[in-house]
Amino acid sequence: MIAAASDAIWGNRAACGRRYRVTCIGATNQGVPKPCKGTSVVVKIVDYCPPGCAGTIDLSQEAFAIIANPDAGKIKISYTQ
């Protein structure tokens, strides 16, 4: 499972290769009010998410689907390294 890191954790490439456990903690829009599946996923940071990304960690579609309904598109998360 892979993901991209935003400036919040990128650290001038220092985040590349790090693994994070990511958990869905809530919705960000009304389209899918309860997107979380109650699970977490471990992802490896393999890319940079540019400033317009507006998130901390941009999950691959596969990783996102493990923790949340893919129709949500965007979710609130918690993460630990």
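The values are calculated or read from the model by the stated rules, or taken from the named source; none is laboratory data. Not measured: the values here are computed from a predicted model. Because the Cβ atoms are built from the backbone with ideal geometry, glycine has one as well, and the counts that use them run over all protein chains shown. In case anyone asks, the SASA skips ligands and DNA or RNA and just uses the protein heavy atoms, side chains included. Shrake-Rupley method; radii C 1.70, N 1.55, O 1.52, S 1.80 Å.
Among the listed options [x] 1.76; [y] 1.18; [z] 1.02, the one matching Cα Rg over 2.2 N^0.38 Å as calculated from these coordinates is [z]. What segment 2-80 shows is 58 Å² of accessible area per residue, with the surface traced by a 1.4 Å probe over protein heavy atoms. Each Lys or Arg adds one and each Asp or Glu takes one away; over the other residues whose Cβ falls under 15 Å from the Cβ of Pro33, this sums to +3. So which residue, out of Asn69, Asn12, Asn29, gets the largest mean-square fluctuation from a GNM of the chain using Cα contacts under 10 Å as springs? Most flexible of the set in this elastic network: Asn12. Per-residue surface analysis assigns Lys37 an accessible area of about 110 Å², computed on protein heavy atoms at 1.4 Å probe radius. Here the chain exposes an accessible surface that is 49 percent carbon and sulfur, computed with a 1.4 Å probe and the other protein chains kept in place.
With a 1.4 Å probe rolled over the protein heavy atoms of all chains, the accessible area of Thr23, Thr80 falls in the order Thr80, Thr23, largest first.
Only helical runs count toward this figure. For the chain, summing -39,500 (n - 2.57) over DSSP H runs of n ≥ 4 and dividing by all residues gives -3000 deg cm²/dmol at 222 nm.
Would you mind counting up the charge near Val43? Only other residues with Cβ under 9 Å from its Cβ, with Lys and Arg at +1 and Asp and Glu at -1. Residues close to Val43 contribute a combined charge of +3.
Take the Cα of Asn12, step 7 Å toward its Cβ, do the same at Asn29, and the gap between the two points is 3.6 nm. This model, with +1 at the C-beta of Lys and Arg and -1 at the C-beta of Asp and Glu, gives segment 2-80 a dipole about its Cα centre of some 260 debye.
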